[in-house]
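Colleague: Sending over a structure as structure tokens; questions will come in a sec.
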Amino acid sequence: MTIKLLCAVILLLMMGASTGFCDELPVCSNRVINEVTKRSGCTVGDPKCWFSHGGFCMDYVQKKTGASKGASLEQWQQIRPEIVRKGDVAQFFTPRMHVALVENVLRDKQGRPRTITVSEYNYGACWVDPDTQVTDTYKKVTRRSGIPINSVDGGFLRP
């Protein structure tokens, strides 16, 4: 299954859910929605446009790892947290399905990984288009640091 197809399937499954997935974030202000739609060339309610413009987390990971557009998560090697390194992919299932590129690993004195820094697309603070899971950081690189290893609940992959 391709990464985009997997993302679309998850989106469709979650849209039918009565709680949760898209309710976790507030809807963005009109100013932010206008900024993102202008930047992307897409409009709210046009999933075909959003999915074709390459601004989702999977698109970023594919771009940065050099994975082909048809690559699937199943083709990548699942790795133990103890051996995570720069260039690996962190998978998050909570609070929403998301992937990010590991940029740095902070280890303790014994060499055990404690926290990571990631770069990513589309892990924003508000929804621009909740039905397609577009956030205010669609097609915009952001970084998060100090993420505890044990909060990466989907594990790590090595492309």
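We did not get these values from a lab; they are worked out from the coordinates using the rules stated. What you see is a predicted model; the values in this text were computed from it and never measured. Every residue, glycine among them, receives a Cβ derived from its backbone with ideal geometry; neighbour counts consider all protein chains shown.
Colleague: So for each of 118-129, 24-35 I average, over its residues, the number of other beta carbons within 10 Å; can you give me the resulting order with the highest mean first?
Modeller: 118-129, 24-35
Colleague: Assuming R0 = 30 Å, what is the FRET efficiency of residue 86 and residue 29, from their Cβ-Cβ distance, to the nearest 0.05?
Modeller: 0.25
Colleague: Please give me the summed charge of the neighbours of residue 117: other residues whose Cβ is under 13 Å from its Cβ, Lys and Arg +1, Asp and Glu -1.
Modeller: Within the 13 Å Cβ shell, the charges total +3.
Colleague: Provide, in order from the shortest bin, the percent of all Cα-Cα pairs of region 30-99 in each 5 Å bin, continuing until the bin that contains the maximum pair distance.
Modeller: For region 30-99, the binned pair fractions read 3, 12, 20, 20, 19, 12, 7, 6, 1 percent.
Colleague: Let me ask something additional. Could you compute the net charge surrounding residue 101? Neighbours are other residues with a C-beta less than 9 Å from the C-beta of residue 101; K and R count +1, D and E count -1.
Modeller: Neighbourhood net charge equals -1.
Colleague: Now for a separate question. Rounded, prolate or oblate, given the Cα gyration tensor of region 24-71, with a/c below 1.5 counting as rounded?
Modeller: It comes out prolate by the Cα gyration axes.
Colleague: A follow-up question, please. Calculate, for residue 110 and residue 68, the FRET efficiency according to 1/(1 + (r/R0)^6) with r their C-beta to C-beta distance and R0 25 Å; round to the nearest 0.05.
Modeller: 0.10
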